[in-house]
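Colleague: Below: one structure in structure tokens.
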Amino acid sequence: MITNSLDAAVAQRAAAHPQAEAVIEVSGLHKQYGDHEAVRGIDLEVVRGEIFAFLGPNGAGKTTTVEILEGFRKATSGSVRVLGADPARAPQRWRERIGIVLQESAPEPGLTVRECLSLYAGYYSAPRPIDETLDHTGLTEVSEQRAASLSGGQRRRLDVALALIGDPELIFLDEPTTGFDPSARRAAWEVIDGLRRIGKTVFLTTHYMEEAERLADRIAVIAAGRIIAQGTPRTLGGRDTSEARITFTLPPGTTVADLPYELSERVVLEDGGRVAAGSTAIATDLSILSGWALQQGSQLDDLEVRRATLEDVYLELVSGRQHDRS
Amino acid sequence: MFNTLTGPTPAARGPLALLLHQARYDTLASLRNPRARFFTFMFPILLMVIFASVFGHDKTTTVDGTTVSLARFFVGGIMAMTVIVTAYAGLVITVTQAREAGALKRRRATPVPAPILIGGQALATLLTAAFTETLLLVVARIGYGVAFSGGALAAMAVTVIVGTLAFACLGYAVAGLIGSPDAAQPVVQATMLPLYFISGVWIPTSSLSPTLRHIAEIFPVEHLAAALHLASVRGSLTAALSPTDLVVLAAWAFATAVFAARRFSWLPVAATA
């Protein structure tokens, strides 16, 4: 029996992925830097084959968490398993199975794109073919150019190619498109989408809602070191069951008091003479409203029904948590 | 170039293959770096030509009781400087830059063991130093008629290897103390320039006060220069080797390696401070 929303989420995911195998399991993760608690008790599970977005404002603890998962930092407390191992104690061979795209990393100086991939391919016992990887990341045309001469978007694709060359099962992408213009961002998204097609599990950190919505199967929102919401892009923050908002302009010569009783007690006046009503039963409310409007001889030309966007949900979740960092 | 289609990868072939793989790419990167090309290859040769042409003409000095031409003195001194420029200056700058740019972190994110990354870079440094030293000896021979016996050359080779490893360790240690790549070049100059002057690299120590000489003897530059000067005036290998100086260099290598191992960071320092 499903007793609470967490159980519901687990049941829902189990139904969606019958053989879901956990690739990342985190429970009660804490990280303390001196007096500052950067991560304050995080639980996460990422299953094989999904793109998981870890979303939050700058300074929320995203990079600290991902660096613990990558084995670059030790947790203060809590349990972390990545591909069955504790990243802080995993043997160097464990790294055969993961690929990492760092938030900031300059290309290898002096080497061409192909030489960079050759150098990294040599680190793995069973790398992907270099030409195929160049092709997959759209770098074939610039493969003989010095890596340092690439544009920002091309460098990012080289970062992805270097993370892919070892043919890892799990790829970490830390803010892959920060500072990109819209076209470079879309190009990067296509590369990341391509990772899903070749069956990789992706752990993506980002502070762009749009990026998480576009790419992720599931999203966790972190603010001030805690996870404040988890779900699919459709259900995050109760978005699927939250109130919609009906707005319209009152027909000439009518007032709020003239509206049917069911609506008049709920509407609020907005700027510009429009009125708005929250609604959890949209069809019922619209039927009442349109019947009344037709009696008044009005078509309610500017009628609008709007559900909260993911951006709205995210901003509401994050606001009020940002300053909660004693 | 290594090709994934033509058999097992360096990682699959074992640590030695992987070490050579890393050294090859590090050498390639330094050959293509304009700063490294100038400071490690051209600068020592240029200084040798300038010093020998301007000061070396028919003048002599004394090394370990033997009177030698100034040109011969400069060969030993500039060989020492080459080791320092290649191993110490080269690594302090390269390691600091690579670390702050995230390149070290990204290499560390792969299965390659840390000793391979460091050993490969040390080997690349040694190859670079050996190449410049050879070139320097050829220029000295052809341009200024300064020749050395086989024993002297063997002693020089041993000294260059020990010296390069010692200054590479020192380079790793100092890189661990520097937060910004912009600071790397000034730190290198500030630490080495005074020592060049008081350690017999450019000026014979016989013209210095005893106090300055005692100060210089604390540091590894003096011992590297002294060992190379000694080799440059001796005929047999046993007479040309300076065990005391080599022991001091090895001690510096050990102490700085221990320090570097405790202090070394793969992650950018500026970002995590």
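Colleague: Over the range B:199-273, what is the relative contact order in whole percent, taking alpha-carbon pairs under 8 Å and six or more residues apart? The partial results should precede the final answer.
Modeller: Working: 40 pairs, mean separation 17.4, N = 75.
Taking the mean separation of contacting Cα pairs over the length of the range B:199-273, I get 23 percent.
Colleague: Residue by residue through A:66-74, how many Cβ atoms from other chains fall within 10 Å of the Cβ on average? All intermediate terms of the calculation are to be shown ahead of the outcome.
Modeller: On the way: counts 0, 3, 0, 0, 3, 2, 6, 2, 0.
Mean partner shielding for this stretch: 2.
Colleague: Extent of chain A along each principal axis, from alpha carbon coordinates, in Å, largest to smallest?
Modeller: So the extents along the principal axes, rounded to whole Å, are 78, 45, 42.
Colleague: Could you give the DSSP H helices of chain B that reach 30 angstrom or more along their long axis (alpha carbon positions) and whose average Kyte-Doolittle hydropathy is no lower than 0.5?
Modeller: Those that pass (Cα extent of 30 Å or more, hydropathy at least 0.5) are B:114-144, B:150-175.
Colleague: For the modelled label position 7 Å from the Cα of B:S149 along Cα-to-Cβ, which residues of the range B:218-241 have backbone nitrogen atoms closer than 14 Å?
Modeller: The answer is B:230-241, whose backbone nitrogens lie closer than 14 Å to the label point.
Colleague: Let me ask another. Can you tell me how the range A:64-214 classifies by the Cα gyration tensor, rounded, prolate or oblate, using a/c under 1.5 as the rounded cut?
Modeller: oblate
Colleague: Have a look at A:G28, A:V80, A:P252 and report the one farthest towards the positive end of the charge dipole of the protein assembly as shown, computed about the Cα centre with Cβ charges (Lys/Arg +1, Asp/Glu -1).
Modeller: Result: A:V80, furthest along the dipole toward the positive end.
Colleague: Within chain A, which whole H helices from DSSP have a Cα span along their axis of at least 27 Å and a mean Kyte-Doolittle hydropathy of -0.5 or more, if any?
Modeller: Values: long enough: none.
For chain A, where a helix must reach 27 Å along its axis and average at least -0.5, there are no hits.
Colleague: Would you please classify the overall shape of the range A:139-222 from the alpha carbon gyration tensor, given that a ≥ b ≥ c denote the square roots of the eigenvalues, rounded means a/c under 1.5, and beyond that prolate means a/b larger than b/c while oblate covers the rest?
Modeller: Since a/c reaches 1.5 but b/c is at least a/b, the shape of the range A:139-222 is classed as oblate.
Colleague: A further question follows. Remind me, relative contact order of the range A:166-307 in percent, using alpha carbon pairs under 8 angstrom and six or more residues apart?
Modeller: Averaging sequence separation for qualifying contacts and normalising by length gives 19 percent for the range A:166-307.
Colleague: Compute the semi-axes of the equivalent ellipsoid of chain B, taking the square root of 5 times each eigenvalue of the Cα gyration tensor, and list them largest first in whole Å.
Modeller: Details: eigenvalues 229, 88, 56 Å².
Those come to 34, 21, 17 Å.
Colleague: Counting Lys and Arg as +1 and Asp and Glu as -1, what is the net charge of the other residues whose Cβ lies under 10 Å from the Cβ of A:G153?
Modeller: Net local charge, A:G153 excluded: +4.
Colleague: When chain B is treated as a GNM, springs tying every alpha-carbon pair under 10 Å, which of B:T191, B:T256, B:T40 comes out with the largest mean-square fluctuation?
Modeller: B:T191
Colleague: How fast does the protein assembly as shown diffuse by Stokes-Einstein, in µm²/s, taking the Kirkwood radius from C-alpha pairs at 4 °C and 1.567 mPa s?
Modeller: Value of D from the Cα-based Kirkwood radius: 46 µm²/s.
Colleague: While we're here: Straight-line reach from B:K105: which lysines fall under 27 Å, measuring Cα to Cα and dropping same-chain residues less than 8 apart?
Modeller: Answer for B:K105, where 27 Å is the Cα cut-off: A:K31, A:K62, A:K74, A:K200, listed by chain and number.
Colleague: How large, in Å, is the range A:244-306 by the Kirkwood hydrodynamic radius built from its alpha-carbon pairs?
Modeller: One decimal place: 11.6 Å for the Kirkwood radius.
Colleague: Another question about this same structure. For the range B:122-175, run through the chymotrypsin sites (Phe, Trp or Tyr not before Pro) and keep only the ones in DSSP coil with at most 11 other Cβ atoms within 10 Å of their Cβ.
Modeller: none
Colleague: Compute the signed sum of charges (Lys and Arg +1, Asp and Glu -1) over the other residues within less than 14 Å, Cβ to Cβ, of B:A166. Intermediate results must be reported in sequence, preceding the final value.
Modeller: Numbers: positive: none; negative: B:E222, B:D245.
Around B:A166, the charge tally is -2.
Colleague: Quick one: compute the contact order of chain A, relative version, from alpha carbon pairs under 8 angstrom and 6+ residues apart, as a percent. Write down the numbers at each step before the final one.
Modeller: Working: 568 pairs, mean separation 60.9, N = 326.
This gives 19 percent for chain A.
Colleague: Further, regarding this structure: If R0 is 22 Å, what FRET efficiency do you get for B:Q189 and B:T134 from their C-beta distance, rounded to 0.05? Don't jump to the answer; show the numbers that get you there.
Modeller: On the way: r = 26 Å, r/R0 = 1.19.
FRET efficiency, B:Q189 to B:T134: 0.25.
Colleague: With the cut-off at 1.5 for a/c, could you classify the range A:10-153 from its C-alpha gyration tensor as rounded, prolate or oblate?
Modeller: prolate
No value in this document is a laboratory result; all are computed from the given coordinates. All figures in this text were calculated on a predicted structure; none of them were measured in a lab. Please note: Cβ atoms are built from the backbone with ideal geometry, for glycine as well, and neighbour counts cover all protein chains shown.
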